[in-house]
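Peer 1: One structure coming up, written as structure tokens, with questions to follow.
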Amino acid sequence: MAPGRTTTSPDPAVELIAGDPVETVRALKRQDGKDIWLMGGAELASSLYAEIDALILKVGPLTIGDGIPLFSRKAAFDPRTWRLGDHTVLGSGAMFLTYTRAATD
């Protein structure tokens, strides 16, 4: 684990992985079960970029002038095409956009 990161699971149902995230995700994808969710973490998202099949993006009606990128600068240049599969617009103006990776990738 990287410095400053927790090494104790917050819940018995949560397993923390200190090894290679790509190998871990590939092993999970080979198993039966539900989807794998990655929430936040541009560094981790960058290392798993090739394994991501869907993106759910939240757009909020707030600007702060600076923010966290979806993928870190360490992500390889590997353009992908995504197709909007679903969207939800809340009364607050927040939107949830669900994209799936296009079949041509």
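Peer 1: So if I place +1 on the C-beta of Lys and Arg and -1 on the C-beta of Asp and Glu, and nothing else carries charge, what would the dipole magnitude of segment 15-58 be about its Cα centre? I want it in debye, nearest 20. Spell out each step's value before the answer.
Peer 2: Values: 5 positive and 8 negative charges, 28 e Å.
So the dipole magnitude of segment 15-58 works out to roughly 140 debye.
Peer 1: Full-extension gain between A76 and L38, please, as 0.36 nm times their residue separation minus the C-alpha to C-alpha distance.
Peer 2: Working: separation 38, 0.36 × 38 = 13.68 nm, distance 1.84 nm.
Stretched fully, the A76-L38 segment lengthens by 11.8 nm.
Peer 1: Considering the options G19, M95, S47, tell which one lies farthest towards the positive end of the dipole of the chain, charges being +1 on Lys and Arg and -1 on Asp and Glu at the Cβ, about the Cα centre.
Peer 2: Toward the positive end, the furthest listed residue is M95.
Peer 1: How large is ³J(HN,Hα) for each residue in segment 58-70, as worked out from phi by the Karplus curve 6.51 cos²θ - 1.76 cosθ + 1.60 (θ = phi - 60°), to whole Hz, x for Gly and Pro?
Peer 2: Rounded to whole hertz, the list is 9, 10, x, x, 9, 10, 10, x, 7, x, 9, x, 5.
Peer 1: Moving on to the next point. So for the chain, considering every pair of alpha-carbon atoms, how many percent are separated by more than 20 Å? Could the numbers behind the result be given before it?
Peer 2: Numbers: 2902 of 5460 pairs.
I get 53 percent for the Cα pairs in the chain exceeding 20 Å.
Peer 1: With Cβ to Cβ distances under 14 Å as the rule, what net charge do the other residues near M95 carry (K, R +1; D, E -1)?
Peer 2: Values: positive: K58; negative: D86.
Once all neighbours under 14 Å are counted, the net charge is 0.
Peer 1: Here's something else I'd like to know. If you fit an axis through the alpha-carbon atoms of helix 21-30 and take the longest principal axis of the Cα set of the chain, what angle between them do you get, 0 to 90°, nearest 10?
Peer 2: Computed tilt is about 80 degrees.
Each reported figure results from applying straightforward, stated rules to the coordinates on display, with no laboratory input. None of these values were measured; they are calculated from a predicted model. Neighbour counts run over all protein chains shown; Cβ positions are idealised from the backbone, glycine included.
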